[in-house]
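> For reference, the structure I am asking about is given below.
The values are calculated or read from the model by the stated rules, or taken from the named source; none is laboratory data. These numbers were taken from a predicted model, which means no experiment stands behind them. Note: ideal-geometry Cβ built from the backbone for every residue, glycine included; neighbour counts use all protein chains shown.
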Amino acid sequence: MKNHFVLLILSMLLLANCGDAPKETSPADSSKEQTNIPSPIKEVKKKEEKKKRLVFFGNSLTAGYGLDPDQSFTSLIQKRVDSLLLDYEVINAGLSGETTAGGASRIDWILKQPIDVFVLELGGNDGLRGIAPDNSFKNLQSIISKVKEKNPSTKIVLAGMEAPPNMGEEFTSKFRAMYPKLAKTNDTYLIPFLLENVGGIPELNQADGIHPTAKGNMIITETIWKVLKDVL
């Protein structure tokens, strides 16, 4: 009888221990739980993929010649866009010394990536070199046409420029007129004069008298933003 009682007690203890034992998880269950955990890396990539592309296609003015990268107007525009929580990635596609002819040759490479907003800033070097405005007009039209052909929904902003006064009245007038004519013909946005309140002002330009200082670029940023804010 005593032995039966001892066996009964041992059996009850074993059952109690079995009830408290942790449940084992199979490899399949573990894998299933892990897949339900969101990955921070995936979330970041997903957010980056949503960003639209704002491309500035131009010469040394766009490239930020003589300045630190964060002082260029493209960098300042990116900061403005970020501060307003707009999902745009600003691409600086500026190349020092670029003419409209060079841009017409280079644009195909730029168009390999999707572009949502395209800011065309070319012509300044044409004016300095005395290239016939008719030729500059044709090159700028070629660039605009290629952008539209690649993606008709791309919004285009044309940045107007002025030729130096020593080129003569006839040249400068014709040069100035080609930008609004292109904008009207192609139904694009227009910045009348990119260097408004900067061009020709010594304290806002570097020693060469052509390229803006950091302060000059801040003014240019505001000139661009007056038009760009309605585009974005």
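> Quick one: in segment 164-190, of everything that is under 25 Å from the mean Cα position of the chain (by Cα) and in contact (Cβ under 8 Å) with a residue 40 or more places away in the chain, which residue is farthest from residue 121 (Cα to Cα)?
The residue in question is 186.
> Within segment 142-152, can one find any residue that is in contact with a Ser or Thr (Cβ under 6 Å, 6 or more places away or on another chain) and either surrounded by 17 or more Cβ atoms within 10 Å (Cβ to Cβ) or modelled with pLDDT under 95 (or both)?
Yes, that holds for at least one residue.
> Any chance you could count how many residues in segment 128-145 are under 14 Å from residue 102 (Cα atoms) and not hydrophobic (A, V, I, L, M, F, W, C)?
7
> While we're on this one: Which of the residues spanning segment 66-99 are in a loop (DSSP other than H, G, I, E, B), touching a Leu at 6+ places or on another chain (Cβ under 8 Å) and under 30 Å from residue 133 (Cβ atoms)?
Result: 98, 99.
> Could you grab me the full set of residues in segment 178-197 that are closer than 22 Å to residue 100 by Cα, in contact with a helix residue (DSSP H, G or I) (Cβ under 6 Å, 6 or more places away or on another chain) and not in a helix (DSSP H, G or I)?
189, 190, 191, 196 - these are the residues of segment 178-197 that are closer than 22 Å to residue 100 by Cα, in contact with a helix residue (DSSP H, G or I) (Cβ under 6 Å, 6 or more places away or on another chain) and not in a helix (DSSP H, G or I).
> Of the numbered conditions (1) out of contact with any helix residue (DSSP H, G or I) (no Cβ under 7 Å at 6 or more places or on another chain); (2) assigned to a helix (DSSP H, G or I), residue 140 satisfies every one except a single condition; which is it?
Here residue 140 meets the rest and fails (1).
> Any residue at all in segment 115-123 that is assigned to a helix (DSSP H, G or I), aromatic (Phe, Trp, Tyr) and either surrounded by fewer than 21 Cβ atoms within 10 Å (Cβ to Cβ) or in contact with a Ser or Thr (Cβ under 9 Å, 6 or more places away or on another chain) (or both)?
Taking every residue of segment 115-123 in turn, none turns out to be assigned to a helix (DSSP H, G or I), aromatic (Phe, Trp, Tyr) and either surrounded by fewer than 21 Cβ atoms within 10 Å (Cβ to Cβ) or in contact with a Ser or Thr (Cβ under 9 Å, 6 or more places away or on another chain) (or both).
> Scan segment 153-170 residue by residue and report those that are assigned to a helix (DSSP H, G or I) and in contact with a Ser or Thr (Cβ under 8 Å, 6 or more places away or on another chain).
Correct list: 165 only.
> When the residues of segment 179-207 are narrowed to those that are of a type in the set (Gly, Ala, Ser) and surrounded by fewer than 17 Cβ atoms within 10 Å (Cβ to Cβ), which ends up nearest to residue 229 (Cα to Cα)?
The qualifying residue nearest to residue 229 (Cα to Cα) is 200.
> Here's something else I'd like to know. Do we have any residue at all in segment 71-79 that's crowded, with 19+ Cβ neighbours inside 10 Å, within 9 Å of the chain's Cα centre (by Cα), within 23 Å of residue 136 (Cβ to Cβ) and without any contact (Cβ under 8 Å) to a residue 60 or more places away in the chain?
Looking through segment 71-79, at least one residue is crowded, with 19+ Cβ neighbours inside 10 Å, within 9 Å of the chain's Cα centre (by Cα), within 23 Å of residue 136 (Cβ to Cβ) and without any contact (Cβ under 8 Å) to a residue 60 or more places away in the chain.
> Restrict the check to segment 51-64 and report whether at least one residue is modelled with pLDDT under 95 and not in a strand (DSSP E or B).
Checked segment 51-64: at least one residue is modelled with pLDDT under 95 and not in a strand (DSSP E or B).
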